[in-house]
Amino acid sequence: MGFLRLFARPASFAINDGLNLRRAQPQTDRLQLLLTLTNQTTSNLKLRDLLRAIPANIREVTDCDVAGIALLGEEAPGFEQR
């Protein structure tokens, strides 16, 4: 019985750590996406390149087929789709 107790406690910690890591992974992915987008935004001032990079990065971390951006038009009221 003592041997099982010696094994059970470290095993339960390892299982718990694995579950916590799995739960934290989506948040880690979202934070990495935010960091990537922030870096691209500050390093790339060409709007066309930026508008291509953002949906590509979003598709990497989300389960989607399409990602788009709607911009508020400068001249006409409303959103401009690109």
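The values are calculated or read from the model by the stated rules, or taken from the named source; none is laboratory data. What you see is a predicted model; the values in this text were computed from it and never measured. As a convention, Cβ positions derive from the backbone with ideal geometry for all residues, glycine included, and neighbour counts pool all protein chains shown.
In table form, for the structure just shown:
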quantity	calculated
Given (1) of a type outside the set (Phe, Trp, Tyr); (2) over 24 Å from residue 68 (Cβ atoms); (3) surrounded by 10 or more Cβ atoms within 10 Å (Cβ to Cβ), index of the condition residue 39 fails	(2)
Tabulated pairs, region 1-30, first under 30 Å from residue 60 (Cβ atoms), second of a type in the set (A, V, I, L, M, F, W, C) and in a helix (DSSP H, G or I), C-beta under 6 angstrom, 6+ apart or interchain	29/61
Output for region 1-41, where each listed residue is more than 26 Å from the chain's Cα centre (by Cα) and part of a helix (DSSP H, G or I)	2, 3, 4, 5, 6, 7, 8, 9, 10, 11, 12, 13
Selection count where residues are closer than 24 Å to residue 70 by Cβ and either among the aromatic types (Phe, Trp, Tyr) or modelled with pLDDT under 80 (or both), scope region 16-32	0
Considering residues of region 43-65 that are polar (S, T, N, Q) and part of a helix (DSSP H, G or I) only, the residue surrounded by the most Cβ atoms within 10 Å (Cβ to Cβ)	57
